[in-house]
Amino acid sequence: MTAEPALRPVRSKRSEGEQTTREIAMKQITKFGTAAVFAISALAFGASTASAAIVCNRHGECWHVKRAYAYPATAGIVVHPNHWRWAPHERFVWREHVGRGYWRNGVWVSF
């Protein structure tokens, strides 16, 4: 028995730098895929930075804020996620106000 020579695929000769249709299509798909990933990442980042929070003090006064500030420790402020809701047995009251500050005994304290 004689060993048969291994078959090798035949490649067409092309000049250096010449691309096949398949290579061009793969590069376009890669570019579009990368652009889509960046676009989705930017949207996700934008959505996360636009989130709000619910802030309550120890007296049960709650309000919405666009971002959580550094409140004074003596104010007894608790920051909750925007989807937070109090339980039926808890007693809170909504007090909305524009601007930076917090509620203290029914009075808005700006800072």
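With respect to TRP108, determine if the residue is touching a His at 6+ places or on another chain (Cβ under 7 Å), surrounded by 14 or more Cβ atoms within 10 Å (Cβ to Cβ) and within 17 Å of ALA52 (Cβ to Cβ). No: the conditions fail for TRP108. The residues listed here are ARG104, ARG22; of these, the one that is modelled with pLDDT under 90, in contact with a helix residue (DSSP H, G or I) (Cβ under 8 Å, 6 or more places away or on another chain) and of a type outside the set (S, T, N, Q) is ARG104. Considering every residue within segment 62-69, establish whether at least one is in a strand (DSSP E or B) and aliphatic (A, V, I, L, M). Within segment 62-69 (the criterion being in a strand (DSSP E or B) and aliphatic (A, V, I, L, M)), the answer is yes, since at least one residue qualifies.
Has segment 67-81 got any residue that is among the charged types (D, E, K, R) and at pLDDT 90 or above? Scanning segment 67-81, I find no residue that is among the charged types (D, E, K, R) and at pLDDT 90 or above, so the answer is no.
The values are calculated or read from the model by the stated rules, or taken from the named source; none is laboratory data. Just so it is clear, the structure is predicted and the values come from calculations on it, not from any experiment. All Cβ positions, glycine included, derive from the backbone under ideal geometry; neighbour counts span all protein chains shown.
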